[in-house]
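**Student:** This is the structure I want to talk about, given as structure tokens.
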Amino acid sequence: MREDLAAAVMTLPSLPQPRAVIFDWDNTLIDSWHAIQDAQNHTLCAFGLQPWTLEETRQRVRGSMRDAFPALFGARWREAGEVFYRRFSERHMDTLQPLPGAEEMLHGLAARGLYLAVCSNKKGDYLRQEAEHLGWTGFFARIVGAFDAARDKPAPDPVLLALHGSGIAPGPEVWFAGDADIDLECAVNAGCTPVLVRDHPPVDGEFAPHPPAVHVDGCMTLSKVLENL
């Protein structure tokens, strides 16, 4: 282990030993922001709205379509959703890339016998197609996307569905790892341990009232944290 990584692990707060780890998908395990931005801007322009920069896309794309699109497109949000998904389905595999260390981490966690699942606000069909394309389906007991549960993140419903049949109840022994405020809020709403996974640490008050229990700067650091509990 690198000295700086070892030091980071040693200074982490006391955390519950997990029985399960639930992951967000986009920008936690994989990078598909360019495909999302392309489909989003294609849809915005089709409805006479201004396109977003990549940074604006990263900041604004949080909730699921059924939660976010009515505010953008009003009564035509379902029509806008069809435009978005038609464009996305044409292109999302072209730029799909695992984030550094993600596959190695998943191999390690699966080998330890941890229950692994995915909860994303990406539509479930596309989510599972991407996991299959990467050869990752076997890592996860359940892959839960938008519209799979009665409500989407940040409601706890996707977590309950992800754990269904596992014999593991939502609680501190279930870690929810994601890069965005909606992931931390979902973790808290479900009573799980919220883990922030992104390259830069949070600033004071950024995630109030749903702060992370711990921040790690990427998949390999998360893997080392789990190994050293």
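Read-outs throughout are calculated quantities, based only on the coordinates presented, and are distinct from any laboratory measurement. All figures in this text were calculated on a predicted structure; none of them were measured in a lab. Cβ atoms come from the backbone with ideal geometry, glycine included; neighbour counts cover every protein chain shown.
**Student:** With everything on Cα atoms, drop me the angle between helix 124-134 and the longest principal axis of the chain, reported from 0 to 90° to the nearest 10.
**Tutor:** For helix 124-134, the angle is close to 60 degrees.
**Student:** Would you kindly calculate the mean projected area, averaged across all directions, of the convex hull enclosing the Cα atoms of the chain, in square nanometres?
**Tutor:** Details: hull surface 49.6 nm².
Dividing the Cα hull surface by four gives the mean projection, 12.4 nm².
**Student:** In whole Hz and in residue order, list the ³J(HN,Hα) couplings for segment 38-49 that follow from phi through the Karplus curve 6.51 cos²θ - 1.76 cosθ + 1.60, θ = phi - 60°; x for Gly and Pro.
**Tutor:** Values per residue, Gly and Pro as x: 4, 5, 5, 5, 4, 6, 4, 5, 5, 10, x, 10 Hz.
**Student:** Near the amide H of Phe176, under 5 Å away, which other amide H atoms are found, from residues 5 or more places off or on another chain, if H is placed in the peptide plane?
**Tutor:** Ile22, Thr193, Val195
**Student:** Please tell me the relative contact order of the chain in percent, rounded to the nearest whole number, where contacts are Cα pairs under 8 Å and at least six residues apart.
**Tutor:** 25
**Student:** So how do 65-75, 199-209 stack up, highest first, on mean other-Cβ count within 10 Å?
**Tutor:** Values: 65-75: 15.3, 199-209: 10.5.
Result, highest mean Cβ count within 10 Å first: 65-75, 199-209.
**Student:** Something else now. Arrange the peptides 94-100, 143-149 so that the one whose residues have, on average, the most other Cβ atoms within 10 Å appears first.
**Tutor:** On the way: 94-100: 14.4, 143-149: 21.9.
Packing order, densest peptide first, comes out as 143-149, 94-100.
**Student:** Kindly express, to the nearest 10 degrees and within the range 0 to 90, the angle between helix 102-111's C-alpha long axis and the longest C-alpha principal axis of the chain.
**Tutor:** Value to nearest ten degrees: 50.
**Student:** Could I ask something else about it? Taking the Cα atoms only, what angle lies between the long axis of helix 181-190 and the longest principal axis of the chain, rounded to 10 degrees?
**Tutor:** With both axes taken from Cα atoms, the answer is about 60 degrees.
**Student:** Cα gyration tensor of segment 33-91, axes a ≥ b ≥ c as square roots of the eigenvalues: rounded (a/c below 1.5), prolate (a/b > b/c) or oblate?
**Tutor:** Working: a/c = 1.40, a/b = 1.18, b/c = 1.18.
Cα axes put segment 33-91 in the rounded bin.
**Student:** Assuming 0.36 nm per residue, please report the length gained on full extension of the stretch Arg62 to Ala169 beyond their Cα-Cα distance. Could the numbers behind the result be given before it?
**Tutor:** Values: separation 107, 0.36 × 107 = 38.52 nm, distance 2.56 nm.
The span from Arg62 to Ala169 would gain 36.0 nm if fully extended.
**Student:** Going toward the positive end of the dipole of segment 33-91, with +1 on Lys and Arg Cβ and -1 on Asp and Glu Cβ, which of Leu72, Ala35, Thr53 do you reach last?
**Tutor:** Looking along the dipole axis, the top candidate is Leu72.
**Student:** How much of the DSSP bridge set in the chain is antiparallel, in percent, rounded to the nearest 5? It would help to have the intermediate numbers written out before the result.
**Tutor:** Details: 2 of 22 bridges.
Bridges in the chain that DSSP calls antiparallel: roughly 10 percent.
**Student:** To the nearest 20 Debye, how big is the dipole of segment 33-91 about its Cα centre, given +1 on the beta carbon of each Lys and Arg and -1 on that of each Asp and Glu?
**Tutor:** Approximately 120 debye in magnitude.
**Student:** Sticking with this structure for a sec: What relative contact order, as a whole-number percentage, does segment 81-148 give when Cα pairs under 8 Å and 6 or more residues apart are counted? List each step's numbers first, then the result.
**Tutor:** Values: 52 pairs, mean separation 23.5, N = 68.
Across segment 81-148, relative contact order equals 35 percent.
**Student:** According to a simple spin-label model (label point 7 Å from Cα along Cα-to-Cβ), what is the distance in nm between Leu229 and His133?
**Tutor:** Between His133 and Leu229, the simple spin-label model gives 3.2 nm.
**Student:** A further question on this structure: For the chain, what does the helix formula give at 222 nm: sum of -39500 (n - 2.57) over DSSP H segments with n ≥ 4, over the residue count, nearest 500 deg cm²/dmol? Could the numbers behind the result be given before it?
**Tutor:** Working: 10 runs with 100 residues, N = 229.
Rounded to the nearest 500, the figure is -13000 deg cm²/dmol.
**Student:** Placing +1 on the Cβ of each Lys and Arg and -1 on the Cβ of each Asp and Glu in segment 131-208, which of His164, Val174, Ala208 has its Cα farthest towards the positive end of the resulting dipole?
**Tutor:** Of the options given, the answer is His164.
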